[in-house]
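Q: Got a structure here, written out as structure tokens. Questions coming.
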Amino acid sequence: MSEKFRALRVEQGTAGFTCAIQQRAVSDLADGDVLIRVLWSSLNYKDALSASGNKGVTRRFPHTPGIDVAGLVERASDGPWKAGDKVIVTGYDLGMNTDGGFGEFVSVPADWVVRCPLGLTLRSSMVLGTAGLTAALSVSSLIDAGIDEGGDVLVTGASGGVGSVAVALLSQLGYRVTAVTGRESSAEWLKSLGASECISREALLENSAKPMLAPKWSGVVDAVGGEILAAAIKGLRYGASATCCGMAGSADLPLNVFPFILRGVNLLGVDSVELPVEIKQQVWDLLGTDWSLNKMADLVAAELSLEELPAYFPQILAGQVRGRAVVKVAEE
Ligand SMILES: NC(=O)c1ccc[n+]([C@@H]2O[C@H](COP(=O)([O-])OP(=O)(O)OC[C@H]3O[C@@H](n4cnc5c(N)ncnc54)[C@H](OP(=O)(O)O)[C@@H]3O)[C@@H](O)[C@H]2O)c1
């Protein structure tokens, strides 16, 4: 197949890393089982790391970032997929060292592909994207760990992608959500998504040098790490759990063992990247049915074209994007 298509390519030059739209051929792509015509993608923190040359994310350049894809199967040589199927791909190596969703075609292994649930459009699946899938996995882990029904749940990094979807989902499921944010300007918006209360990072960190804090939280969804996650764990109620999926603040966890050995609390790791595809499908199906979000439209910070993306990379790295930026790659 020799069709040409558009992609946002990141190149390494003498002056650093640059991005530009380039023409590519389908034959340039890796030889995957499933060729997908990409219609929608989304912007995640990891995409901005890839686009700025972070070798922990992308080792080889030139490269097309984009860890999220929603589109139509063009052709498939393996798996249950046929031309025209509406599908989603998130995580695995997509957008890391495999050319990703910021181009009009991707070529991927059959076992990376998930059916787009009937309850979601291709666009709404990308409003959620990896961040939404991770938020849903975090909430699901808390439920599996036995969180109190309707209990008080703390969400950190609340204005971000994972945090904002977690706020909307938890409040829709009947939990009382306290959102932690470094942005006072986000408070009204977070309340409109369903947060009962918004607190500053400083307020959460008050007295946090103590080994334990007053037991307040029936659950915590964290995407920030560092002192914020440590303070949240110190404030868990007896037997309660915190999820940990990210390091937007820090990769450290300055904590001692007291909350674990005196209150029996749990720290639950969440990974949406290498998760088996069958579990990804189950969570996407849940997001298309019982967990379909009423506040989906309010999560959208921007709808971007490929040309507009580069201006957003520094913004998401600086923690300035509120909610989710969806990327329109091609006309449906
Ligand atoms: N494990 C996985 O599978 C997985 C999946 C998705 C994402 N992640 C990781 O999860 C993290 C969040 O992802 P995201 O897509 O939600 O990113 P994001 O949209 O950039 O949101 C991160 C949020 O964290 C808060 N924050 C930023 N810097 C901070 C700091 N220095 N101290 C405290 N809070 C800070 C900000 O919220 P406020 O302004 O409201 O405070 C920011 O909006 C990233 O580390 C990402 O790589 C992991």
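Bear in mind that the values in this text are calculations on the coordinates, not laboratory data. Just so it is clear, the model here is predicted, and its values are computed rather than measured. Cβ: placed from backbone, ideal geometry, glycine included. Neighbour counts: every protein chain shown.
Q: With the Cα gyration tensor of the chain giving a ≥ b ≥ c as the square roots of its eigenvalues, does the rule (a/c under 1.5 for rounded; else a/b larger than b/c for prolate; else oblate) give rounded, prolate or oblate?
A: prolate
Q: Now a separate question. At a Cα cut-off below 17 Å, give the aspartates and glutamates reachable from Lys295, other chains included and same-chain residues fewer than 8 away excluded.
A: The qualifying aspartates and glutamates are Glu188, Glu303.
Q: Let me have the relative contact order for region 129-269, percent, based on Cα pairs under 8 Å that are six or more residues apart.
A: Reported as a whole number, the value is 23 percent.
Q: What are the lysines whose alpha-carbon lies under 18 Å from the alpha-carbon of Lys280, with same-chain residues fewer than 8 places away excluded?
A: Lys86
Q: Where is the GNM fluctuation largest for the chain (alpha-carbon springs, 10 angstrom cutoff): Ala302, Ala242, Ala158?
A: Evaluated over the chain, the most mobile residue of the options is Ala302.
Q: Along the charge dipole of region 129-269, which of Ala195, Ala131, Leu213 sits closest to the positive end, that is, farthest toward it, with unit charges on the beta carbon of Lys, Arg, Asp and Glu (+1, +1, -1, -1)?
A: Leu213
Q: When the label point is put 7 Å from the Cα of Gln315 along its Cα-to-beta-carbon vector, which residues of region 24-53 have a backbone N closer than 13 Å?
A: Correct set: 43-44.
Q: Gaussian network model of the chain, Cα springs within a sub-10 Å range: biggest mean-square fluctuation belongs to which of Gly146, Gly66, Gly56?
A: Comparing Gly146, Gly66, Gly56 in a Gaussian network model of the chain, the most mobile one is Gly56.
Q: Let me make sure I get this right: for region 142-257, a, b and c are the square roots of the gyration tensor eigenvalues over alpha carbons, sorted descending. Under 1.5 in a/c it's rounded, otherwise prolate if a/b > b/c, else oblate. Which is it?
A: Oblate.
Q: GluC sites (Glu not before Pro) within region 1-110: which are DSSP loop residues with at most 16 other Cβ atoms inside 10 Å?
A: Glu3
Q: Which residue fluctuates most in the GNM of the chain (Cα springs below 10 Å): Arg59, Arg176, Arg37?
A: Arg59
Q: Right, next: Tell me what the chain gives for mean residue ellipticity at 222 nm when only DSSP H runs of n ≥ 4 count, each as -39,500 (n - 2.57), the sum divided by the residue total, rounded to 500 deg cm²/dmol.
A: -8000 deg cm²/dmol
Q: Working out 0.36 nm times the residue gap between Glu331 and Thr18, then minus their Cα-Cα distance, what length gain in nm do you get to one decimal?
A: 110.1 nm
Q: How large is ³J(HN,Hα), in whole Hz, for each residue of region 196-204 in order, when computed from phi with the Karplus curve 6.51 cos²θ - 1.76 cosθ + 1.60 and θ = phi - 60°, using x for Gly and Pro?
A: Values per residue, Gly and Pro as x: 7, 8, 10, 10, 7, 4, 4, 5, 5 Hz.
Q: Still on this structure, please answer the following. Percent relative contact order of region 195-332, based on C-alpha pairs within less than 8 angstrom and at least six residues apart?
A: Reported relative contact order: 17 percent.
Q: Given a cut-off of under 8 Å on Cα pairs at least six residues apart, what relative contact order in percent is computed for the chain?
A: Computed over the chain, the figure is 19 percent.
Q: Order these peptides, 167-175, 181-189, by their mean beta-carbon neighbour count within 10 angstrom, highest first.
A: For the peptides 167-175, 181-189, the packing ranking is 167-175, 181-189.
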